[in-house]
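Comments concern the structure below.
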Amino acid sequence: MRKVLRGVLSLAVLIGTVSATGASAGAATAAEPAAKRSDSTSSSEDIKDRVLAVPGMSLVEEKPYPGYRFFVLNYTQPVDHRRPSKGTFQQRVTLLHKDTTRPTVFFTSGYNVSTNPSRSEPTQIVDGNQVSLEYRFFTPSRPAPADWSKLDIWQAASDQHRVFKALKKIYSENWLSTGGSKGGMTATYFERFYPKDMDGVVAYAAPNDVVDDEDSAYDRFFARVGTEECRNRLNGVQREALVRREPLEEKYAAYAAENGLAFDTVGTLDKAYEAVVMDYVWAFWQYSTLSDCAFVPADAPDATDQEIWDSIDGISGFSAYSDQGLSTYTPYYYQAGTQLGSPDIQQPWLGDLSRYGYQPPRSFVPRSIPMKFQPSAMRDVDSWVRNNARHMLYVYGENDPWGAEPFRFGKGARDSYVHTVPDGNHGAKIAGLDAGEKAKATAAVLRWAGVAPAAVEADPAKAKPLAKFDVRLDVRDDELRRDRGTLRP
């Protein structure tokens with residue numbers, strides 16, 4: 001699973017987060033004046049003191065933001081929740097504090113956590129607090145030494161459960177969990193294992209790979225997505241990149257030498273090159289829109305080597321499968337190869353030009369880390385969601401490949417919904433839904449959070465976010481980046 005849009009293509013809307021460098025433990029920036037930091041706790045005790053009174057919670061830094069308090073924290077977690085006496089590690093947490101009388105949104109990307117203030121869409125909708133958690137084994141939230149067998153969806157859900165229990169004593173109003181892509185998957189797994197914790201779940205672009213070796217849904221998706229003209233352009237560039245493998249790999253070798261890239265994990269430069277090329281069509285639809293097809297060479301056989309290179313690099317990224325590009329995401333590839341599953345699509349327009357096909361997650365994890373796939377993990381989650389979902393909302397983009405295998409509800413689900421953003425990609429949000437569905441989804445989020453105004457209770461069509469859009473808080477760091485790495489949910 002692979003790389004990302006950048007360069008000339010204009011849209012890169014990731015919902016997950018990207019790691020940012022935090023200050024050293026104990027450091028703190030100047031906070032806002034006390035008059036701006038008060039909340040409705042009816043206590044002279046500062047909210048920072050209350051949070052730091054939680055056993056195992058420590059402060060990394062506080063950053064000022066108007067109307068909020070923002071803390072970067074560490075929380076002591078067991079390496080193994082089944083055997084908590086067998087060691088601990090520090091897990092990074094951030095807290096965007098508004099008021100203890102407001103609802104709280106529990107956000108995770110399923111990857112690193114940003115150490116800058118940001119607000120997920122549900123947090124804006126309910127005008128609440130936000131707790132964000134870094135996923136275990138993403139550095140620096142990695143046990144040392146790392147026992148990779150303790151990286152699974154139950155252990156990660158148990159991390160969230162402990163954070164929730166610790167902070168619920170301070171933030172006693174309703175809680176919602178949310179996340180996009182792998183974060184949407186994470187919110188789902190949390191709900192499956194701890195269904196009594198949250199009052200609602202809002203999951204964006206969450207793949208549901210129930211049977212890992214059955215991927216025909218993706219093939220059907222790529223046969224009809226966008227327009228025939230756009231598909232032909234993309235297929236042509238991808239094919240030409242393999243036809244011209246020799247001269248473009250020479251260029252790749254020079255690029256790797258110039259940037260100090262190595263390929264020990266994937267094995268060879270040739271394998272890395274093909275993996276980047278094989279991602280090209282998928283990555284285009286994941287992060288771009290139909291209008292971006294105008295930037296794809298229309299007649300690939302007549303394009304120059306540089307034009308083919310630029311198009312592949314701009315969408316897939318030639319650093320993706322280097323050791324340097326893979327190292328941050330080792331925990332993801334490990335999970336894809338042990339529980340989550342990964343897509344393996346057919347690309348018949350390539351003929352016999354591909355030497356390796358879609359390479360499995362095992363190819364992107366160092367061989368020193370053992371892996372064994374557990375086919376029952378996703379089947380269990382899918383069955384639970386179909387039959388037990390309560391207050392769960394899924395949002396997908398119509399043109400996002402990851403939505404080809406979505407979560408669905410059965411007869412046992414209650415007050416739960418799946419919505420699709422027309423022409424949307426991997427960054428689909430409630431705000432992009434058609435007016436009627438947007439109001440319905442917004443009303444559900446407000447209701448689950450316990451803050452739906454009386455007018456919305458009477459008429460859901462009147463539902464709107466309670467907080468105004470803030471360009472700094474509501475456009476997250478990762479939405480502005482165009483070099484996140486390989487194609488991953």
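The values are calculated or read from the model by the stated rules, or taken from the named source; none is laboratory data. Remember, predicted model here, so these are calculated numbers, not experimental data. Please note: Cβ atoms are built from the backbone with ideal geometry, for glycine as well, and neighbour counts cover all protein chains shown. These area figures cover heavy atoms from the full protein model, side chains too; ligands, DNA and RNA do not enter into them. Shrake-Rupley method; radii C 1.70, N 1.55, O 1.52, S 1.80 Å.
Structure notes:
- Distance (nanometres) between label positions extended 7 Å along Cα→Cβ at Ser376 and Arg414: 2.8
- Apportionment of accessible area to carbon and sulfur, the chain, percent (1.4 Å): 50
- Largest-first principal axis extents of the Cα set of segment 184-303 (Å): 58, 38, 26
- Simple spin-label estimate for Asp352 and Arg224 in nanometres, 7 Å along Cα-Cβ: 3.3
- When +1 charges are put on Lys and Arg Cβ atoms and -1 charges on Asp and Glu Cβ atoms, the dipole computed for the chain relative to its Cα centre reaches about 1940 debye.
- Residues in segment 253-278 reached by a label modelled at Glu307 [backbone nitrogen below 20 Å; 7 Å Cα→Cβ]: 277
- Each Lys or Arg adds one and each Asp or Glu subtracts one; over the other residues with Cβ under 11 Å from the Cβ of Val79, this totals +3.
- Solvent-accessible area per residue, Å², over segment 72-198 with all protein chains present [probe radius 1.4 Å]: 28
- The aspartates and glutamates within cross-link reach of Lys372, meaning a Cα-to-Cα straight distance under 15 Å and a gap of 8 or more places when in the same chain, are Asp147, Asp152, Asp212, Asp213.
- Hypothetical label at Ala461: residues of segment 414-441 whose amide nitrogen lies under 14 Å (7 Å Cα-Cβ projection): 435-440
- Placing +1 on the Cβ of every Lys and Arg and -1 on the Cβ of every Asp and Glu, with no other charges, gives segment 136-273 a dipole of roughly 580 debye about its Cα centre.
- Peptide ranges 411-422, 324-335 listed from the most packed, as the mean C-beta count within 10 angstrom indicates: 324-335, 411-422
- Förster radius 22 Å - calculated FRET efficiency between Ile369 and Ala144 (Cβ-Cβ, nearest 0.05): 0.90
- Label sites at Asp434 and Arg82, each approximated as a point 7 angstrom past Cα along Cα to Cβ, lie 4.7 nm apart.
- Measuring r between the beta carbons of Ala298 and Arg386 and using R0 = 35 Å, the FRET efficiency lands at 0.20.
- Subtracting the Cα-Cα distance of Ala253 and Trp154 from their residue separation scaled by 0.36 nm leaves 31.5 nm.
- Averaged per residue, segment 218-272 has 49 square angstrom of accessible surface, using a 1.4 angstrom probe with ligands and nucleic acids left out.
- The local environment of Lys150, defined by Cβ-Cβ distances under 12 Å, has a net charge of +1 under the rule Lys, Arg +1 and Asp, Glu -1.
- Kirkwood estimate for segment 242-335, i.e. one over the average of 1/r between Cα atoms, Å: 14.1
- Segment 362-444: translational diffusion in µm²/s, Stokes-Einstein, Kirkwood Rh over Cα pairs, 37 °C, 0.692 mPa s: 221
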